[in-house]
Protein chains: 2
Amino acid sequence: MMLDERKIRILAAIIDDYIATAEPIGSRTIARKYHIGISPATIRNEMADLEELGYLSQPHTSAGRVPSHKGYRFYVDFLLPSKKLDDFEQATIRQIFRRRINEFEELVKEAARVISKLTSYTTIIMGPQMETMFLKHIQVTRIEEFKGLLLMVTNYGTISHHIIDIPQNFSDSDLIRISNILNTNLTGKTFSDITNDMMDEIKNEIIEYDKTLNILMEILLENLADAQDNSQVISTGSSKMLEYPEFQDVEKAKNFFSLLEQHDLIMKALRSSSKPNTITVTIGNENPCIELQDLSIVTANVSIDEKDLGIFGIMGPTRMKYSRVISILEQVTDYLVKTVSTKL
Amino acid sequence: MMLDERKIRILAAIIDDYIATAEPIGSRTIARKYHIGISPATIRNEMADLEELGYLSQPHTSAGRVPSHKGYRFYVDFLLPSKKLDDFEQATIRQIFRRRINEFEELVKEAARVISKLTSYTTIIMGPQMETMFLKHIQVTRIEEFKGLLLMVTNYGTISHHIIDIPQNFSDSDLIRISNILNTNLTGKTFSDITNDMMDEIKNEIIEYDKTLNILMEILLENLADAQDNSQVISTGSSKMLEYPEFQDVEKAKNFFSLLEQHDLIMKALRSSSKPNTITVTIGNENPCIELQDLSIVTANVSIDEKDLGIFGIMGPTRMKYSRVISILEQVTDYLVKTVSTKL
DNA sequence: TTTAGCACTCTCGGTCTTAGAGTGCTAAAA
DNA sequence: TTTTAGCACTCTAAGACCGAGAGTGCTAAA
C-alpha cells in the first residue's frame, strides 16, 4: 500500500509533534492540534494502517503512537520542512568565520562549538583520513641554544611541533641543511609512506649528521604513531544531552558518555555513514554499530576538490530536529569551504 | 569537649565506611565491622555526642549517621591513613614519564588522564597565570612560497603557532631579520607587557618592513587575547562521576557538567584554594563558591623554583578517597617536577 | 560506666486502586 | 463506501496503604 496524501499528513504531524514533545501522540491530540479536518476515529484508522506499514509503533497498547525508524527515514527523505535559519543563527555562524582564525584546526573546533550551541546536540569532529594526508613541509629550527623545534606541516594545513635537543656542535646552517634534506626527501609523502626503510635511506644519504638525524627520525616516527593513535575525534556539547528525556535515566547517560570515549567506534560510524560533499542522515538501527542504535547521526563530509578535510557529525536522539540540524550544518560547511579555499 | 580516643576511633570508622559505601552507618554496623570492643548502645551514645559536636549528622531520625563537613575536615587533618600506592598504580604513573613526551602541555594532559583513570574522579588542569608567563622566543619562518609561521615559545615551554601570509617581495633573510628584531624587543616580556605602544615602537624601528610587520603585530596581539580568553581549563574523566550514587539524580549530574563548563568559576576555585608546593583539600562548604559546596577538591600546585607551572585539581563527592587521591597526586607532581627540571 | 531491652520513628519496597489517556470495534450517519 | 460517534477495554502513572527492617533514644539493670 502506498501512502496517500492524508496518511502522509498524519505521519508528518505525529513526527513533528514527537520531535517537539517526546511524548507518544494520540489521535485526539492530532485532531486538536493539527487541523486535518477529520475526526479522531478516522485518524485512528489511518494510524493503525501506518503502524501496520511499519512507520509507527506503540510503546504499549493503550498509548499513543511513536515514529519508528522507518517513519523517521520517510520523514527525512520526503517530508523535511525546509528550515530557514533566523537572523540570530545566521549571525552566530557568520561570526566564527569573520574572526581571523588562520589555522584550520582552530576554525573547525570553533565551528563545532557553535553547532553544538545552536542545535543543543553533541557535535563531533574528525580529522581527515591518515591515508590522504601527506607532509608539505618539514623543518628544524632553533629556539634556544640547545633546543630546537621540529615542525611538520601537512597538506591539510595542520601543524605539529616537537621540541628536540640539539647537540652542541650543530650550527644553524647545519640545521638548515638538515631541514633541506628532510624536505626534499619527505615532502609529498603520506605518513604511511614514511617507513623505517625510508629513514634509513635518508640516514645513509647524510651519514655525517648521523646522530642528530637519528633523534629527529625517532621523533618523527613517534609523532606519526601519535597522530595515528590520537584517533582525532573531538566532541563538544555532550553535557547538553542530559537535558533530553531520552537521557534522564542515568544508565543511558552513562552509556552515551562512555560511547563518546570509544573513539574507534565513533570513527567507524562517521566514516561509514558519510559521503563526500553531502549531508547524510543515519537513523537509529541504520547504524551497523549496536551501541549507536538509539541515536541518530547527521554527518557532513567537508571536502574541497576531492581533498577530504574531515567530517562533522551531530549526534542526538533519533527524535532529532533534523531540518534544523541539516540547515545549520549546510550553512557551516558552506562557510568553511569558502573560507578555506580563499584564506588558507 | 575534646574528642577522646574512643570517639576518634568511632568517627574514623564511620567516615571510612561512608567513603566506601555512601550509606549512612548505624551503631550496630560499626560494632560488627570494626572491632572497637563496645556494644552498639555505647556507640550510640558516642555517636550522639559526635553529632552534637558537629562531626556527624543524620539524614533523618531513624537513619544511621553521615559525616559532616567538619567531620571530613577532622578526618583529613588528623586521621588520614597514609596510603601506599600499589605496584600497578606506581607503574601506571611512572609510565607517563617514561614515554618521550617533550612538550610540557602534552605531559600534563597525559598526567591528568592517568590521575582520572586511577582515582575515578574528575581531574582539572589549569595553566600558569598569564602574569607570570613571558616570551622566550619568537620567530617567523617560511613554510611555503607565500605562507609563513609565527612561532612563540614561552618560559613554560608552551608553543603557539599562527599561519601568516608573507608578501611577495620578502626574502628569507628579511624574515630572519624580522625575527631577530622581534626577538630582541619582545623576549622576556610578559604578555601583558606587550602593548600597542610597544608594538608601535618596534614598528618605527623597522619602518621599511612596515606592512608585514603590521600583520605580524596584529596576529601577535590577537594571539595574546586568545591566550587570555582561552581560560586554559581542561578537565578529564568527568563521565566517571556518573558512577557515583551522588550523581544518580540527573539534575545533579547536569549541574556538575554545567559547572565544569564555567571555566571562570573553576579557575577561581582552584586558584583560591591552592597554595604553592602543597596539596590542599577543600571540603564542601569550605569553598566560597556555592555551586561547589557539595563537592570536594584536592589541589596540587606544581611549581619549580618559584616558577608556577600550573594547578592540578581533583574534584569528587565530599565522600572522597582522600588519602588515595593525595598519594596519587603527590606521586604525579613529584615525577612531573623531576621530569621538567631535568628534561625541559 | 556500660549494656540489654524496648518503644518509637522513618524509609523502602511491595501491593492495590483509581484516574486518565488512548485504542479498536461496532453501528449509525453522511 | 467512507466517516464518525459511542463504548468497552487496556495499560500506565500516580497516589494510598502497609509491613519489614534498620536505626534511634531512653530507661533500668548489670
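Summary table below
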read-out: Tally, over region B:100-147, of residues that are of a type in the set (K, R) and closer than 19 Å to A:K147 by Cα; value: 2
read-out: Residue check for B:N180: surrounded by fewer than 16 Cβ atoms within 10 Å (Cβ to Cβ) and modelled with pLDDT under 75; value: no
read-out: In region A:147-170, the residues that are in a strand (DSSP E or B), facing chain B (nearest Cβ under 10 Å) and among the small types (G, A, S); value: A:S160
read-out: Helices (runs of 4 or more DSSP H) enclosed by region B:29-106 - at least 1 residues per element that are within 16 Å of DNA strand D (Cβ to nearest atom); value: B:40-52, B:69-74
read-out: Residue satisfying condition, being of a type in the set (D, E) and away from every other protein chain (no Cβ under 12 Å), within set A:E51, A:E144; value: A:E51
read-out: Leading residue by the ranking (surrounded by the fewest Cβ atoms within 10 Å (Cβ to Cβ)) among those in region A:14-25 that are part of a loop (DSSP other than H, G, I, E, B) and within 11 Å of DNA strand C (Cβ to nearest atom); value: A:E23
read-out: Cross-chain or 6+ apart pairs with Cβ under 7 Å, region A:24-40 first and assigned by TED's automatic domain parsing to the domain that holds A:P59, then basic (K, R) and away from DNA strand D (no atom under 12 Å from the Cβ); value: A:P24/A:R65; A:I25/A:R65; A:I36/A:R9
read-out: A:D249, sole failed condition from (1) within 14 Å of another protein chain (Cβ to nearest Cβ); (2) touching a Phe, Trp or Tyr at 6+ places or on another chain (Cβ under 8 Å); value: (2)
read-out: Set A:R28, A:R65, A:R6: member being near DNA strand C (Cβ under 10 Å from one of its atoms), among the charged types (D, E, K, R), loosely packed, with under 15 Cβ neighbours inside 10 Å and away from chain B (no Cβ under 14 Å); value: A:R28
read-out: Residue selected from region B:128-141 under the condition farther than 15 Å from B:I176 by Cα and either in a strand (DSSP E or B) or not charged (D, E, K, R) (or both), by the criterion farthest from the other protein chains (Cβ to nearest Cβ); value: B:Q129
read-out: Test: B:H69 is touching a residue at least 60 places away in the same chain (Cβ under 8 Å) and of a type outside the set (F, W, Y); value: yes
read-out: Residue in region B:68-80 that is within 15 Å of DNA strand C (Cβ to nearest atom) and surrounded by 12 or more Cβ atoms within 10 Å (Cβ to Cβ) present; value: no
read-out: Helices (runs of 4 or more DSSP H) within region B:231-344 that include 2 or more residues in contact (Cβ under 8 Å) with a residue 60 or more places away in the chain and surrounded by 18 or more Cβ atoms within 10 Å (Cβ to Cβ); value: B:263-273, B:322-343
read-out: Selection count, region A:34-62, where residues are touching a helix residue (DSSP H, G or I) at 6+ places or on another chain (Cβ under 8 Å) and within 11 Å of DNA strand C (Cβ to nearest atom); value: 12
read-out: The lone exception for B:L11 - which of (1) over 30 Å from B:Q331 (Cα atoms); (2) aliphatic (A, V, I, L, M); (3) part of a helix (DSSP H, G or I) it fails; value: (1)
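The values are calculated or read from the model by the stated rules, or taken from the named source; none is laboratory data. All values derive from a computational prediction rather than experimental measurement. As a convention, Cβ positions derive from the backbone with ideal geometry for all residues, glycine included, and neighbour counts pool all protein chains shown.
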